[in-house]
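The values are calculated or read from the model by the stated rules, or taken from the named source; none is laboratory data. Note that this is a predicted model, so its numbers are computed, not measured. Don't worry about glycine lacking a Cβ; one is built from the backbone with ideal geometry, like all the others, and counts go over all protein chains shown. Just so you know, the surface numbers come from the protein's heavy atoms only, side chains and all, with ligands and any DNA or RNA stripped out. Shrake-Rupley method; radii C 1.70, N 1.55, O 1.52, S 1.80 Å.
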Amino acid sequence: MALRIAFIIALFALASPGFAQDRVQVVTTTTDLRSLTEAVGGDRVLAVSLVPPNMDAEDYQPKPQDVLRLKQARLLVRVGLDYDLWVDRLLAQAGRPEISRGGPAYVDASFAISVLELRGMSVGPSDGHAHGSGNPHYWLDPKNAETITANILEALGRIDPANAATYEANRQAFLTRLNTKLAEWESRLSALKTVPIVAYHNSWPYFARRFRLDVIGFIETKPGVPPSPSHLAGIVREMRARGARIVVREPHEPERDVAFVASKAGAQVVTLAASVGALARADDYISLFEVNVEALASAAVKR
């Protein structure tokens, strides 16, 4: 509820030129980037995400008011890696070169990220989200927040140099808190190291690498493409052979296929949030991991 209220307030502020006019108005494509922008900007920024909470950003259909938000923004922060390609059309409509590619107020948060699953892929009518520029879910490794916030810090310093020192202090305080929590999370998930897990969608390679999880397969045949009966049968066989007892899904993903696979393999379903706001209590970037770690740690006890 708190996240939704904040989202509504931010929308109202961006639509009202006289509201908080001394703050830097930032548009992000996702709630995760909005939360990280707020961590750096503190009360000097007013950030809003184009994609609402608990919506798949890869499938987002832009709204007419999104162009207005971009016209009023002083900074744009996007995921990149072909994850939010739809924002390019909005930028063209907004006609704001300073927040477009190459502009001083444009941030591709994936810059300098060590990208996983980087490979060339063709895209056809049934290829779904091909992830041809690498897997785009890099924010799900909390260590990548260092790079993401560095990109945001640099841009805020360019457009608001008077407050650059404040932004740097905010970032350092946030990273100190995050690194303390990361040590706790790694300890809590140690029981799941190398434990085989199946997920519905390939959102988790960065998270799995950080916490040493073993994701052995995906219920989708390709990202964005529903599974066939034969693929589901193969997943069940693999789970039985490997002793996989956990199936991960995100709240917006269909329950039927996940429940079928879990029931046939004798596994439990664990619902995780891949973005801020996707689950209750996942209200910001740090609580996103708190909620997911708690869910997985509870699943480890029940295995």
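Taking amide hydrogens as placed 1.01 Å from N in the peptide plane, the amide H of Val195 sits under 5 Å from those of Asp214, each at least 5 positions away in sequence or on another chain.
The charge dipole of the range 32-181, taken about the Cα centre with unit charges on the Cβ atoms of Lys, Arg (+1) and Asp, Glu (-1), comes to about 420 debye, rounded to the nearest 20.
Calculated from the structure, mean projected area of the Cα convex hull in nm² equals which of (i) 18.2; (ii) 19.7; (iii) 15.5? So the structure-derived entry is (iii).
What pairs from Lys143/Lys302; Lys222/Lys264; Lys63/Lys222; Lys63/Lys181; Lys143/Lys222; Lys181/Lys302 go past 32 Å between their alpha carbons? Don't skip to the end; give the middle numbers.
Values: Lys143/Lys302 28 Å; Lys222/Lys264 22 Å; Lys63/Lys222 27 Å; Lys63/Lys181 37 Å; Lys143/Lys222 27 Å; Lys181/Lys302 24 Å.
Going by Cα-Cα distance, Lys63/Lys181 fall outside the 32 Å limit.
What does the charge dipole of the range 239-303 about its Cα centre add up to, to the nearest 20 debye, if the Cβ of each Lys and Arg holds +1 and the Cβ of each Asp and Glu holds -1?
Numbers: 9 positive and 8 negative charges, 124 e Å.
The dipole magnitude comes to about 600 debye.
Along each principal axis, taking the top coordinate minus the bottom one, the Cα set of the range 24-86 gives 31, 21, 20 Å in descending order. Put simply, the Cα atoms of the range 185-303 extend 39, 27, 22 Å along their principal axes, the longest span coming first.
Here the 3J(HN,Hα) profile of the range 208-223, calculated from phi with Karplus coefficients 6.51, -1.76 and 1.60 at θ = phi - 60°, is 5, 5, 5, 9, 6, 8, 10, 8, 9, x, 10, 5, 5, 6, 9, x Hz, Gly and Pro shown as x.
Remark: the chain carries a charge dipole of roughly 560 debye about the Cα centre, counting +1 on each Lys and Arg Cβ and -1 on each Asp and Glu Cβ. Can you pull the percent of the range 42-108's accessible area that's carbon plus sulfur, 1.4 Å probe, other chains left in place? Ligands and nucleic acids excluded, carbon and sulfur give 52 percent.
Each of Ile286, Leu90, Leu46 was placed along the dipole of the chain (beta-carbon charges, centred on the mean Cα), and the one lying farthest toward the positive end is Ile286.
With protein chains left intact and a 1.4 Å probe, residues in the range 147-206 average 42 Å² of accessible area per residue. Centre-to-centre, using Cα atoms only, the range 174-237 and the range 245-303 are separated by 10 Å.
Normalised by the number of residues in the chain, the mean separation of alpha-carbon contacts (under 8 Å, six or more apart) gives a relative contact order of 16 percent. Less than 5 angstrom separates the built amide H of Leu46 from those of Val24, Gln25, Val26, all sequence-distant by 5 or more or on a different chain. Please name which of Asn179, Gly277, Ser263 has its Cα lying farthest along the dipole of the chain towards the positive end, using unit charges on Cβ (Lys, Arg +1; Asp, Glu -1) and the Cα centre as origin. Of Asn179, Gly277, Ser263, it is Ser263. With each label modelled as a point 7 angstrom along the Cα→C-beta vector, the Ala297-Thr176 pair spans 2.3 nm. Between the listed residues Gly134, Gly80, Ile148, the Cα displaced farthest toward the positive end of the dipole of the chain, a dipole computed from Cβ unit charges relative to the Cα centre, is found at Gly134.
Largest accessible area first, the residues Asp160, Asp108 order themselves as Asp108, Asp160 under a 1.4 Å probe with ligands, DNA and RNA left out.
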